[in-house]
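Q: Take this structure first; my questions come after.
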Amino acid sequence: MNIILTGDRPTGRLHIGHYVGALKRRVELQNSGDFDEVYIMIADAQALTDNADDPIRIRSSVLEVALDNLSVGLDPDRSVLFVQSGVYPLTELCFYYLNLVTIARLQRNPTVKSEIRQRGFASSIPVGFFAYPISQAADITAFDATVVPVGEDQLPMLEQCREIVHKFNETYGETLVMPRAVVPENEAASRLPGTDGKAKMSKSLNNCIYLTDDSETVRQKVMSMYTDPGHIRVEDPGRIEGNTVFTYLDALSTDDHVAEYWPEYANLEEIKAHYQRGGLGDVKVKRFLIKVLEEIFSPIRQRRAYWEARIPEVVDRLEKATTVATAKAQATVERVRSAMRIDYFANDTFLREAIERYT
Ligand code: TRP
């Protein structure tokens, strides 16, 4: 079986960084026909690990993230788009996996480390947050996922999950499926910077292009994008490195885009070479990026309008998908219980052992 599981934390609307880093790939994989089952999880329980005091923020983002997924082409007839907290067996799996991981190992997880720093938790780290890589291993293994398409920042989570699978199977016998990560092969797409050139896109920095932005908003955001501060006059040679507009083009544009919107050049490399030589102004490059973004966003906007006009159907589908996901995860829990020899009442073995001992 080939099974995909991946997900997003619902802490706000998704942006273009999510799109190139994760969403685009998952839709391609969904459409590839190579997978028997595709599960896309809205990770609200994980989002609560560092938002315990703000459940309304998570609640209001759940539908947003569902719509973001549907608008990029996730097909709810082919993929199970569900809500994590509704799948109770995940908490049970997590509880057993907690025993297989040391505190020292969690402390070495580089993504958790940097998130702890960012959030200023210092010595007041919530246990649930600290342990979320273990809960994430439960998410992945509950669905027997073979492939987990994620952004590069999630590689340490997959590494930890693989260790848990290994440890579980070694301790209790071959039970869990070993997953592997699939990350964007495009370097720029892995780490798309904010429009201001800062490494991270974040709502608080106000440097994101959202999938819900309209054409005019996208245009304005691109026009104010960070480029090369040394490129003052058009004739000046320009720098490509650290130039956000070019990073976005690296992540998003194709030769077809160049042929369609800027046929004076054969490909992006020629555009870059001209910019580096001097004689190519920022505004022209930005106009090209705007056209590329429009081409990408326009079907996304159409699908979004379709689903926004059908909100009761979206909510109903989320609920049904959560039931489907629960049945799948429950089957794994039963396998796990039996491997761990805690399946006392699943059959009569426990009873027979007991009788034998007392007669
Ligand atoms: N940690 C992921 C993120 O922050 C979300 C997530 C939760 C996830 N569970 C998962 C991703 C399981 C892949 C597989 O985006």
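Q: For the stretch 50-61, just list the computed ³J(HN,Hα) in residue order, Karplus coefficients 6.51, -1.76 and 1.60, θ = phi - 60°, integers in Hz, with x standing in for Gly and Pro.
A: 10, 9, 4, 8, 9, x, 5, 4, 5, 4, 6, 8
Q: For residue 36 and residue 123 in the same chain, what is the full-extension length gain: residue separation times 0.36 nm, less their Cα-Cα distance, in nm? Walk me through the intermediate numbers first.
A: Numbers: separation 87, 0.36 × 87 = 31.32 nm, distance 4.40 nm.
Computed gain between residue 36 and residue 123 is 26.9 nm.
Q: Given a 1.4 angstrom probe, what's the average accessible area per residue across the chain, in square angstrom?
A: Values: 17780 Å² over 359 residues.
Heavy-atom accessible area per residue stands at 50 Å².
Q: Report ³J(HN,Hα) in whole Hz for each residue of the stretch 67-74, in order, from the Karplus equation J = 6.51 cos²θ - 1.76 cosθ + 1.60 where θ = phi - 60°; Gly and Pro get x.
A: These are the phi-based 3J(HN,Hα) values: 5, 4, 5, 5, 6, 7, x, 5 Hz.
Q: Projected area of the stretch 1-134, taken from the Cα convex hull and averaged over every viewing direction, in nm²? Write down the numbers at each step before the final one.
A: Details: hull surface 36.5 nm².
One quarter of the hull surface, i.e. the mean projection, equals 9.1 nm².
Q: Here is a further query. What shape does the stretch 215-307 take by its C-alpha gyration tensor, where a ≥ b ≥ c are the square roots of the eigenvalues and a/c under 1.5 counts as rounded, a/b above b/c as prolate, and the rest as oblate? Intermediate results must be reported in sequence, preceding the final value.
A: Values: a/c = 2.58, a/b = 1.69, b/c = 1.53.
Taking the square roots of the gyration eigenvalues as a ≥ b ≥ c, the stretch 215-307 is prolate.
Q: What is the percent carbon and sulfur in the accessible area of the chain, measuring with a 1.4 Å probe over the protein chains and ignoring ligands? Mind dumping the intermediate values first?
A: Numbers: 9310 of 17780 Å².
That fraction is 52 percent.
Q: Right, another one. With a/c under 1.5 counting as rounded, go ahead and sort the stretch 122-207 into rounded, prolate or oblate using the C-alpha gyration tensor (a ≥ b ≥ c being the square roots of the eigenvalues; past the cut-off, prolate if a/b is larger than b/c, else oblate). Spell out each step's value before the answer.
A: On the way: a/c = 3.43, a/b = 1.66, b/c = 2.07.
Oblate, since a/c reaches 1.5 and b/c is not below a/b.
Q: Please compute the net charge surrounding residue 12, taking Lys and Arg as +1 and Asp and Glu as -1 over other residues with Cβ under 14 Å from its Cβ.
A: Details: positive: 9, 13, 57, 59, 200, 203; negative: 8, 44, 50, 54, 64, 68, 213.
Residues near residue 12 contribute -1 overall.
Q: Counting other C-beta atoms within 10 Å, and keeping those with at most 11, which DSSP coil chymotrypsin sites (Phe, Trp or Tyr not before Pro) do you find in the stretch 139-183?
A: Passing both the DSSP loop test and the Cβ count: no residue.
Q: Using the Karplus equation 6.51 cos²θ - 1.76 cosθ + 1.60 (θ = phi - 60°), what ³J(HN,Hα) coupling, rounded to whole Hz, does each residue of the stretch 109-126 give in order, writing x for Gly and Pro?
A: Whole-Hz 3J(HN,Hα) from phi for the stretch 109-126: 5, x, 5, 5, 4, 6, 5, 4, 4, 4, 8, x, 5, 6, 9, 10, 6, x.
Q: By how many degrees, 0 to 90 and rounded to 10, does the Cα axis of helix 132-142 deviate from the longest principal axis of the chain?
A: It works out to around 70 degrees.
Q: Near the amide H of residue 80, under 5 Å away, which other amide H atoms are found, from residues 5 or more places off or on another chain, if H is placed in the peptide plane?
A: 38, 39, 40
Q: Now for a separate question. Return a whole-number percent for the relative contact order of the chain, with Cα pairs under 8 Å and 6 or more residues apart as the contact set.
A: Numbers: 530 pairs, mean separation 76.0, N = 359.
Answer for the chain is 21 percent.
Q: Next question. Please identify every one of the trypsin sites (Lys or Arg not before Pro) in the stretch 317-356 that sits in a loop by DSSP and has no more than 13 other beta carbons within 10 Å of its own beta carbon. Show your work: numbers first, answer last.
A: Numbers: sites: 317, 320, 328, 335, 337, 341, 352; in loops: 341.
Answer by residue number: 341.
Q: How large is the translational diffusion coefficient of the stretch 295-359 in µm² per second when you combine the Kirkwood radius over alpha carbon pairs with Stokes-Einstein at 10 °C and 1.306 mPa s?
A: Numbers: Rh = 16.1 Å.
For the chosen part, D equals 99 µm²/s.
Q: Could you work out [θ]222 nm for the chain from helices alone, using -39500 (n - 2.57) per DSSP H run of at least four and dividing by all its residues? Round to the nearest 500 deg cm²/dmol. Before the final figure, lay out each step's value.
A: Details: 17 runs with 193 residues, N = 359.
Computed ellipticity for the chain at 222 nm equals -16500 deg cm²/dmol.
Q: In the chain, if the dipole is taken from +1 on Lys/Arg beta carbons and -1 on Asp/Glu beta carbons about the Cα centre, which of 3, 38, 333 is farthest to the positive end?
A: 333
Q: Over 32 Å, how big is the tail of the calculated P(r) for the chain, in percent of all Cα pairs? Could you put the intermediate results ahead of the total?
A: Numbers: 25302 of 64261 pairs.
More than 32 Å apart: 39 percent of the Cα pairs in the chain.
The values are calculated or read from the model by the stated rules, or taken from the named source; none is laboratory data. The shown structure was predicted, so the numbers you read here are calculated from the model rather than taken from an experiment. Using ideal geometry, Cβ is built from the backbone for each residue, glycine included, and neighbour counts are taken over all protein chains shown. Remember, those area values only see protein heavy atoms, side chains included, never the ligands or the DNA or RNA. Shrake-Rupley method; radii C 1.70, N 1.55, O 1.52, S 1.80 Å.
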